[in-house]
Ligand code: AMP
Ligand code: ZN
């Protein structure tokens with residue numbers, strides 16, 4: 001019997017504002033769509049946090065033995081600067097500024113995105129579709145929305161008619177916004193726009209002559225609106241009614257609100273059972289963002305190359321730091337916080353390395369099955385990773401007291417405990433045992449020792465030019481040799 005039958009999961013649904021029992025549309029299968037990056041610049045650590053939240057959700061669903069189809073798109077057209085309808089496409093703007101083809105911009109930052117996610121041990125999604133690869137599907141959806149009377153054409157562009165839609169649907173159902181308030185609080189259209197109402201949003205935009213990213217359509221040569229791509233790609237791969245749709249909290253409005261409206265206008269029913277929103281990573285109390293420059297790049301964490309950082313931190317330490325907060329809580333980044341996370345991570349890894357040598361007894365004095373269920377309960381409660389981590393440290397305590405002979409464990413319980421703790425740490429949280437760093441340290445130390453021996457030999461042969469060269473070049477790399485009575489030592 002699959003694990004999900006014994007471990008009932010609850011998910012906080014942003015649509016209802018409640019934790020709800022998770023019941024997939026098709027038993028044993030989960031369809032999950034997460035809005036991916038707009039590939040016009042390097043992802044920052046905030047973006048990584050949102051994708052990590054969903055990576056862990058994906059990992060836990062797999063751990064529960066669901067068959068998961070996880071779709072995460074790449075936005076390579078249609079995302080207008082400032083998230084409005086009038087203005088320049090983010091990718092086209094970057095291409096203009098850097099004198100590149102838009103697809104060169106897309107390729108550069110898609111490659112960077114993949115490189116970063118693989119450095120941080122993300123599982124790849126099942127499908128990673130692009131907006132430009134689904135123009136035909138987007139045009140088909142627009143046709144249906146027009147046929148159903150919820151969109152209109154103006155000068156070659158197509159707009160979604162929010163007021164008409166709201167007559168017998170609810171625009172604002174996800175974000176809790178009220179259309180009357182929205183209309184009352186927005187300035188009247190300045191006459192420059194073709195929209196009937198300021199809340200209407202573009203499904204298709206006619207391209208100006210200088211606009212490079214353009215496709216033919218029944219209405220004009222142009223390009224699709226940003227919200228439409230996710231409706232097209234989610235339903236193409238997951239069906240008109242699927243389980244989970246996720247993204248960062250800042251996408252709730254207008255992006256996801258508009259997705260719901262588009263789906264309902266097209267098919268007549270709501271597309272998604274569970275809307276999930278991951279909260280923001282902040283720096284100095286403000287949201288990390290590409291546009292404001294208030295951000296850290298993931299690569300800078302690994303090299304330590306940022307004035308905020310006292311030293312480099314590994315990918316697993318960064319993961320551990322992020323997963324110590326629940327995905328729906330705001331997390332503020334600071335050097336002190338990640339230094340503390342590093343200590344915790346090391347303590348966990350050290351304890352895990354003791355598992356294979358723990359003594360066993362005829363009786364267990366620790367309640368392993370209860371402990372295991374506490375770990376599951378934490379994850380079943382809307383993926384509560386901080387509570388899971390607290391239980392993992394209870395596991396660390398078990399390891400230490402058993403090692404010291406203060407508590408006992410049977411062979412069977414030890415096997416069950418080892419399988420469970422390793423599954424939660426490596427499979428579910430996606431942490432890696434960074435022995436690699438130790439072994440690369442061993443290699444470095446071995447290499448330096450070899451150079452010290454060669455330098456000693458050079459001096460014995462009176463080849464001082466070579467011995468000085470070894471000393472000076474090591475110093476240039478930050479490795480200082482110290483000659484003493486006991487021989488030569490070094491400091492890194
Ligand atoms: P973008 O490429 O700007 O569309 O963002 C990609 C994803 O990162 C979206 O789901 C955003 O909601 C999310 N995101 C953007 N900024 C932050 C942040 N500071 N913290 C967490 N997630 C963020
Ligand atoms: Zn989206």
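Bear in mind these aren't lab numbers, they're just calculated from the coordinates by the rules spelled out. A quick note: this is a predicted structure, and the numbers were derived from the prediction, not measured. Every residue, glycine as well, gets a Cβ built from its backbone with ideal geometry; the counts of neighbours run over all protein chains shown.
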Problem set entry | Relative packing of peptides 31-38, 90-97 - highest average C-beta neighbours within 10 Å first | 31-38, 90-97
Exercise. Within the P(r) computed for segment 439-491, what percentage of the Cα pairs occupies the region above 19 Å?
Worked result: 22
For this session: Can you tell me how much longer the chain between residue 335 and residue 3 gets when fully stretched, taken as 0.36 nm per residue apart minus their C-alpha distance, in nm with one decimal?
Result: 115.6 nm
For this session: Place the peptides 163-169, 413-419 in order of packing, highest mean first, counting for every residue the other Cβ atoms within 10 Å and averaging per peptide.
Result: 413-419, 163-169
Exercise. What's the percent breakdown of Cα-Cα distances in segment 35-175 across 10 Å bins, shortest bin first?
Worked result: 10, 29, 32, 23, 5, 0
Exercise. Remind me, relative contact order of the chain in percent, using alpha carbon pairs under 8 angstrom and six or more residues apart?
Worked result: 16
Exercise. Taking 0.36 nm per residue of separation and subtracting the Cα-Cα distance, what length does fully extending residue 476 through residue 457 add?
Worked result: 4.7 nm
Problem set entry | Rounded D (µm²/s) - the chain, Kirkwood Rh over Cα pairs, Stokes-Einstein at 20 °C, 1.002 mPa s | 83
Exercise. Taking 0.36 nm per intervening residue step and subtracting the Cα-Cα distance, what contour gain separates residue 210 from residue 104 on full extension?
Worked result: 36.4 nm
Seminar exercise, completed: Scoring segment 282-427 by relative contact order with C-alpha pairs under 8 Å, at least six apart, yields a percentage of 22
Problem set entry | 0 to 90° range, to nearest 10: angle between helix 257-267 axis and the chain longest Cα axis | 60
Problem set entry | For segment 1-85: span of alpha carbons on each principal axis (Å, largest first) | 48, 25, 23
Problem set entry | segment 161-247: Cα Rg divided by the 2.2 N^0.38 Å rule of thumb | 1.31
Problem set entry | Nitroxide proxy distance, nm - points 7 Å out along Cα→Cβ at residue 16 and residue 121 | 3.4
For this session: Kindly list the residues of segment 247-265 that lie in the label zone of residue 179, defined by a backbone N under 19 Å from the point 7 Å along the Cα-to-C-beta vector.
Result: 253-265
Seminar exercise, completed: Taking max minus min of the Cα coordinates of segment 381-492 on each principal axis, largest first, gives extents in Å of 68, 35, 19
For this session: Divide by every residue of the chain the summed helix terms, -39500 (n - 2.57) for each DSSP H run of at least 4, and state the resulting mean residue ellipticity at 222 nm, rounded to the nearest 500 deg cm²/dmol.
Result: -14000 deg cm²/dmol
For this session: Distance from a point 7 Å along Cα→Cβ of residue 155 to each backbone N in segment 85-105: keep the residues under 18 Å and list them by number.
Result: 85-89
Seminar exercise, completed: Simple SL model, points at 7 angstrom along Cα→Cβ for residue 96 and residue 468; separation in nm is 6.0
For this session: Treating the angle as unsigned and between 0 and 90°, give the value, to the nearest 10°, between the Cα long axis of helix 411-422 and the longest Cα principal axis of the chain.
Result: 50
Seminar exercise, completed: Expressed as a whole-number percentage, the relative contact order of segment 384-489 with C-alpha contacts under 8 angstrom and at least six residues apart is 10
Exercise. Taking the Cα-to-Cβ direction at residue 253 and at residue 240 and moving 7 Å from each Cα, how far apart do the two end points lie in nm?
Worked result: 2.9
Exercise. For the peptides 111-122, 61-72, 331-342, 14-25, what is the packing order when you average, over each peptide's residues, the other Cβ atoms within 10 Å and list the highest mean first?
Worked result: 61-72, 111-122, 331-342, 14-25
Exercise. Can you tell me the Rg and the Dmax, both Å, for the Cα atoms in segment 267-402?
Worked result: 19.1, 63
Problem set entry | Acute angle (nearest 10 degrees) that the helix 385-403 long axis makes with the longest principal axis of the chain, alpha-carbon atoms | 20
